[in-house]
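Report on one structure; see the data block that follows.
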Amino acid sequence: LGDEPADAGTLAKAVRADQGALERLLRALAAYGVFAELPDGRFTHTDASRLLREDAPRGLRYSALWATEPWTWALWPHLADAVRTGREEFTGLYGTAFFDWLHTPGARASAQVFDKAMTQSSVLSARALADALDLDGVGSMVDIAGGQGMVLATLLEKYPTLRGTLFDLPKVVADADPRLREGGALTGRARLVAGDCRRSVPEGADLYLLKNILEWDDESTVRTLRNVAGAAPAGARVVVVENLVDGSPETRFTTAMDLLLLLNVGGRKHTGAGLSALVEQAGLHLEEIRPVNSYLHMFVSKVPE
């Protein structure tokens, strides 16, 4: 559906669907504010449906696709079991842990949707984070599990003297933002390092950023933070950015994602107090918590002297 309204017949031909069934689907979506039906029977965009377009500047297309991947439909019927046991259900259904499965040949399409969804999420939050995070005087930083590097690239563009390391799994780093790769605009100040933050992280940076990655079980979260505390010099800043299930206007989103994390990796979204306790448990000194935008909070801590 483009800028002009269209009837169900025209849309059905474009997407190779049954006209009557598509019309029923559009009406159901319109009841939730996704598309609107005009008096003449044509359908038009709403603010919500525009977010699903490929060319939407602040779109949620891939986030929506990610949250409705085929594996999610297979998992949700097992929610009752996960609530009873407190454990993930993915391994039992697919025979391997979620992230191991995601990097198998059979999951290539899901992995591509995941990467695009993470980049899309980073596009939405990168500028807000760049505005909220003061990096004046910071010489070097490491973006832990930073995906394709959208946030790091945004920070490097804002701070011309900053040097940054993008640290993530090998297949993720291999597809890093072109600005960070060899020949890119930021390559002279960017370093790409492959690894698993639950095992080790690069040493010696002034600041470590962990954005939307501390969503495993609590033991893995504390282990990752301890790896950072051990690799960072005394006085280095550690900035954790997360969605919270309390104290946020976006609780419908965060609580739904909290349950999905329970199902696929046995992880969780955190409360403010819960994440604060894990930061302190890892040996870091928590200095402040403040909102980045309506759905993200920043936990700023330091490595003790």
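The values are calculated or read from the model by the stated rules, or taken from the named source; none is laboratory data. In this text, all values refer to a predicted model and were calculated from it rather than measured experimentally. Positions of Cβ are generated from backbone atoms using ideal geometry, with glycine treated the same way; all protein chains shown enter the neighbour counts. Note: accessible area is taken over every heavy atom of the protein model, side chains too, but ligands, DNA and RNA are not part of it. Shrake-Rupley method; radii C 1.70, N 1.55, O 1.52, S 1.80 Å.
All but one of (1) without any contact (Cβ under 8 Å) to a residue 40 or more places away in the chain; (2) open to solvent by 90 Å² or more (accessible area, probe 1.4 Å); (3) closer than 30 Å to Thr119 by Cα hold for Arg58; which doesn't?
Going through the list (1) without any contact (Cβ under 8 Å) to a residue 40 or more places away in the chain; (2) open to solvent by 90 Å² or more (accessible area, probe 1.4 Å); (3) closer than 30 Å to Thr119 by Cα, Arg58 breaks only (1).
So which of Leu133, Leu169, Leu124 ends up being surrounded by 20 or more Cβ atoms within 10 Å (Cβ to Cβ), touching a residue at least 40 places away in the same chain (Cβ under 8 Å) and either touching a strand residue (DSSP E or B) at 6+ places or on another chain (Cβ under 8 Å) or within 20 Å of Tyr62 (Cα to Cα) (or both)?
After applying the criteria, what remains is Leu133.
Mind listing whichever residues of segment 197-238 are assigned to a loop (DSSP other than H, G, I, E, B), polar (S, T, N, Q) and more than 16 Å from Lys269 (Cβ to Cβ)?
Ser200, the sole residue that qualifies.
Pairs needed: first member in segment 28-39, in contact (Cβ under 8 Å) with a residue 24 or more places away in the chain and within 16 Å of Ala6 (Cα to Cα); second member anywhere, open to solvent by less than 80 Å² (accessible area, probe 1.4 Å) and in a loop (DSSP other than H, G, I, E, B); C-beta distance under 7 Å; at least 6 residues apart or different chains.
Once the first residue is in contact (Cβ under 8 Å) with a residue 24 or more places away in the chain and within 16 Å of Ala6 (Cα to Cα) and sits in segment 28-39, its partners that are open to solvent by less than 80 Å² (accessible area, probe 1.4 Å) and in a loop (DSSP other than H, G, I, E, B) give Phe35/His45; Phe35/Thr46; Leu38/Pro5.
Does Gly272 satisfy the criteria of being free of Cβ contacts under 8 Å to residues at least 24 places away in the same chain and either more than 23 Å from Glu305 (Cβ to Cβ) or open to solvent by 30 Å² or more (accessible area, probe 1.4 Å) (or both)?
no
Taking Arg87 as meeting all but one of (1) among the charged types (D, E, K, R); (2) in contact (Cβ under 8 Å) with a residue 60 or more places away in the chain; (3) open to solvent by less than 60 Å² (accessible area, probe 1.4 Å), write down the number of the exception.
Of everything listed in (1) among the charged types (D, E, K, R); (2) in contact (Cβ under 8 Å) with a residue 60 or more places away in the chain; (3) open to solvent by less than 60 Å² (accessible area, probe 1.4 Å), Arg87 misses just condition (3).
Restricting attention to segment 206-233, which residues are farther than 27 Å from Val123 by Cβ, at pLDDT 95 or above and of a type outside the set (A, V, I, L, M, F, W, C)?
Answer for segment 206-233, where residues must be farther than 27 Å from Val123 by Cβ, at pLDDT 95 or above and of a type outside the set (A, V, I, L, M, F, W, C): Arg223, Arg226, Asn227, Gly230, Pro233.
Name the residues in segment 95-117 that are without any contact (Cβ under 8 Å) to a residue 60 or more places away in the chain and touching a Gly at 6+ places or on another chain (Cβ under 9 Å), would you?
Once the filter is applied, which keeps residues that are without any contact (Cβ under 8 Å) to a residue 60 or more places away in the chain and touching a Gly at 6+ places or on another chain (Cβ under 9 Å), segment 95-117 yields only Trp101.
Is it the case that some residue within segment 102-114 is open to solvent by less than 60 Å² (accessible area, probe 1.4 Å), more than 21 Å from Leu169 (Cβ to Cβ), in contact with a helix residue (DSSP H, G or I) (Cβ under 8 Å, 6 or more places away or on another chain) and not charged (D, E, K, R)?
Looking for residues that are open to solvent by less than 60 Å² (accessible area, probe 1.4 Å), more than 21 Å from Leu169 (Cβ to Cβ), in contact with a helix residue (DSSP H, G or I) (Cβ under 8 Å, 6 or more places away or on another chain) and not charged (D, E, K, R), one finds none in segment 102-114, hence no.
Quick one: in segment 69-84, which of the residues that are open to solvent by 80 Å² or more (accessible area, probe 1.4 Å) and not aromatic (Phe, Trp, Tyr) is nearest to Ala174 (Cα to Cα)?
If we take residues in segment 69-84 being open to solvent by 80 Å² or more (accessible area, probe 1.4 Å) and not aromatic (Phe, Trp, Tyr), then Pro70 is nearest to Ala174 (Cα to Cα).
Among the residues in segment 123-144, are any modelled with pLDDT of 90 or more and among the polar types (S, T, N, Q)?
So far as segment 123-144 goes, yes, one or more of its residues are modelled with pLDDT of 90 or more and among the polar types (S, T, N, Q).
Residue by residue through segment 285-305, note down the ones that are open to solvent by less than 40 Å² (accessible area, probe 1.4 Å), part of a strand (DSSP E or B) and touching a residue at least 24 places away in the same chain (Cβ under 8 Å).
Those that are open to solvent by less than 40 Å² (accessible area, probe 1.4 Å), part of a strand (DSSP E or B) and touching a residue at least 24 places away in the same chain (Cβ under 8 Å): His297, Met298, Phe299, Val300, Ser301.
Select, from Arg191, Arg181, Arg198, the only residue that is of a type in the set (D, E, K, R), in contact with a strand residue (DSSP E or B) (Cβ under 6 Å, 6 or more places away or on another chain), open to solvent by 70 Å² or more (accessible area, probe 1.4 Å) and not assigned by the TED database to the domain that holds Thr72.
Within the list Arg191, Arg181, Arg198, the selection yields Arg191.
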